[in-house]
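Structure first, commentary second.
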Amino acid sequence: MINWNYEYRIYPNLEQQKKMLLWLNICKKVYNYALAERKAWINSRKSTVNSCSIRSEYIVPADRPYPDYYKQKKALTAAKKDFPELKEVQSQVLQEVIGQIDSSFKFFKQRGFGFPRFKKKMRSFCFPQFKDNPIQDGEIKLPKIGRVTINQHRPIPDGFVVKQVRVVNKASGWYVICTIQGEGDIPEPVADITKSSMGIDLGFDKVVATSRGEVIDRPRFLLNLQSKLTWLQRRLRNKQKGSNNWKKDSHAVAKLHEYIHRKRKDYQYKLAHYLCDQTEMLFVEDINFRSWGRGMLRKHSLDFAFGAFVDILEQVCKKRAIYFYKVNKDFTSQTCPNCGTITGKKKLSERVHCCPECGFTANRDVAAAMVVEQKGLNVTLGQRVVLPTEDGSIKRGTVSNDGTSLPRGSRKANQR
Ligand SMILES: [Zn+2]
């Protein structure tokens with residue numbers, strides 16, 4: 001089975017908008033209630049039997065079982081008697097909210113940090129099931145909401161059916177994300193010696209360096225938009241909270257945030273496809289981008305959203321049947337790709353890798369990308385295949401990328 005998400009803009013009328021906003025509000029209440037219930041249960045089990053916490057104590061009877069997915073779902077059905085408001089929303093949509101709580105707790109347990117939080121605002125709700133195709137004649141038919149005008153800028157491919165629809169409220173308007181499902185499978189790519197390979201290094205002053213010697217700069221448009229955002233946010237601070245001008249400005253900030261997000265995502269997809277055009281196997285460093293986001297270079301790191309980029313890259317590789325592998329990041333920027341000597345930590349200002357052992361010289365980031373590629377090949381194939389020649393070009397016959405159009409801001413490293 002292949003699952004893809006297609007996003008379309010929808011144009012609900014005023015009545016439908018009112019209804020959907022009400023639904024979002026009810027969904028939020030259900031979410032927060034279900035979260036509070038689980039939180040109280042967990043906290044009530046924290047103190048030992050013979051002592052109480054000094055500040056406060058959650059009291060939940062000892063024999064009450066943990067409110068898991070099934071119990072909460074059952075309780076939701078029962079609650080409809082006492083809270084007729086809940087009947088306003090389609091029942092599957094509300095059940096999906098309980099499912100959302102459940103999966104956020106599962107995710108929390110899995111990675112061990114980030115306890116789920118209460119929601120100030122719910123931005124989307126989801127219809128988990130459709131029997132028939134809901135999109136017809138420029139309209140999407142949503143249960144209990146009715147027919148809504150849709151801008152179907154691209155058709156759903158043949159053989160695919162709409163499985164799920166998520167309605168999203170963004171600053172610029174309403175959207176639906178349709179999960180479409182099709183028969184068949186994309187073959188799972190395998191590492192193979194005959195395939196071409198490439199390693200990439202991600203960094204602050206450039207976005208990507210490849211082991212083929214290409215360095216792609218940070219796109220300027222993001223920086224420009226960032227400064228516009230800073231300016232708008234400063235203006236917003238001087239407005240009286242809650243006033244009409246404040247509302248206007250905060251909407252502008254939200255819209256700009258959305259625009260930046262969309263622009264960046266678009267660029268990242270293009271970049272991912274550009275990289276995939278060049279190779280059959282792709283190796284990336286396995287970096288903890290969370291810790292990047294905390295450090296001194298925080299703003300830069302978030303500006304490009306590297307974590308999201310690696311996810312997109314993995315996704316595009318999967319779609320195009322390109323082998324994708326994350327290698328251990330240790331020493332990648334400190335190793336010589338030619339002889340394997342560990343040359344020690346480089347300063348940020350040191351732009352060139354120059355090996356004291358063998359004299360191999362290359363752009364620092366390109367050298368790191370080469371090490372990433374070798375590491376990847378080492379792990380997946382058990383051999384070291386890439387050998388750079390003395391002038392820094394790469395000897396191994398790989399798919400040439402001459403004539404392909406480069407994304408904006410890219411250049412060859414050796415032209416520096
Ligand atoms: Zn060397």
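The values are calculated or read from the model by the stated rules, or taken from the named source; none is laboratory data. Quick caveat: nothing in here was measured; it's all calculated off a predicted structure. Cβ sites come from the backbone with ideal geometry, for glycine too, and all protein chains shown count toward neighbours. The accessibility values were calculated without ligands, DNA or RNA, using every heavy atom of the protein model including side chains. Shrake-Rupley method; radii C 1.70, N 1.55, O 1.52, S 1.80 Å.
Points to keep in mind about this one:
- With the cut-off at under 18 Å, measuring from each backbone N in the stretch 81-123 to a point 7 Å along the Cα-to-Cβ line of Met1 picks out 96, 99-100, 103.
- Within the chain, helix-based [θ] at 222 nm, where runs of 4 or more DSSP H residues each add -39,500 (n - 2.57), nearest 500: -13000 deg cm²/dmol
- Nearest-10 value in Å² for the accessible area of Glu188, using the 1.4 Å probe: 150 Å²
- Largest-first ordering by accessible area, 1.4 Å probe, given options Ile180, Ile54: Ile54, Ile180
- Using only Cα coordinates, the Kirkwood hydrodynamic radius of the stretch 146-270 works out to 19.4 Å.
- Cross-link partners of Lys28 among aspartates and glutamates (Cα-Cα below 17 Å; sequence separation of 8 or more within a chain): Glu37, Glu85, Glu88, Glu96, Asp102
- For the chain, the longest principal axis of the Cα atoms and the long axis of helix 364-381 meet at an angle of about 80 degrees.
- Using a cut-off of 21 Å between Cα atoms, the listed pairs Lys121/Lys228; Lys270/Lys319; Lys195/Lys326; Lys80/Lys141; Lys228/Lys255; Lys120/Lys247 include Lys121/Lys228; Lys80/Lys141 as exceeding that distance.
- Counting 0.36 nm for each residue step from Ser227 to Thr149 and taking away their Cα separation leaves a gain of 24.5 nm.
- Ligands, DNA and RNA aside, Lys28 has an accessible area near 50 Å² when probed at 1.4 Å.
- Asn244/Asp277 FRET efficiency (R0 56 Å; Cβ-Cβ; nearest 0.05): 0.65
- Nearest 10 degrees, 0 to 90: helix 69-82 Cα axis against the chain principal axis: 30 degrees
- Sequence-separation-based contact order of the chain, relative, with Cα cut under 8 Å and 6+ spacing, percent: 17 percent
- Exposure of Asp68 as accessible area (Å², to 10), given a probe of 1.4 Å and all protein chains: 50 Å²
- Scanning the chain for cysteines with no neighbouring cysteine C-beta under 4.7 angstrom from their C-beta gives Cys27, Cys52, Cys126, Cys178, Cys276, Cys317, Cys354.
- Entry comment: accessible area of the chain is 59 Å² per residue, from protein heavy atoms only and a probe of 1.4 Å.
- Solvent exposure, largest accessible area first (probe 1.4 Å, DNA, RNA and ligands not counted), of Glu285, Glu280, Glu96: Glu280, Glu96, Glu285
- For trypsin sites (Lys or Arg not before Pro), the sites in the stretch 128-165 that DSSP calls loop and that have at most 13 other Cβ atoms within 10 Å are Lys131, Lys144.
- Long-range Cα-Cα pairs in the chain (distance over 38 Å), rounded percent: 39 percent
- Here the dipole of the chain is about 2380 debye; that uses its Cα centre as origin and unit charges on the Cβ of Lys and Arg (positive) and Asp and Glu (negative).
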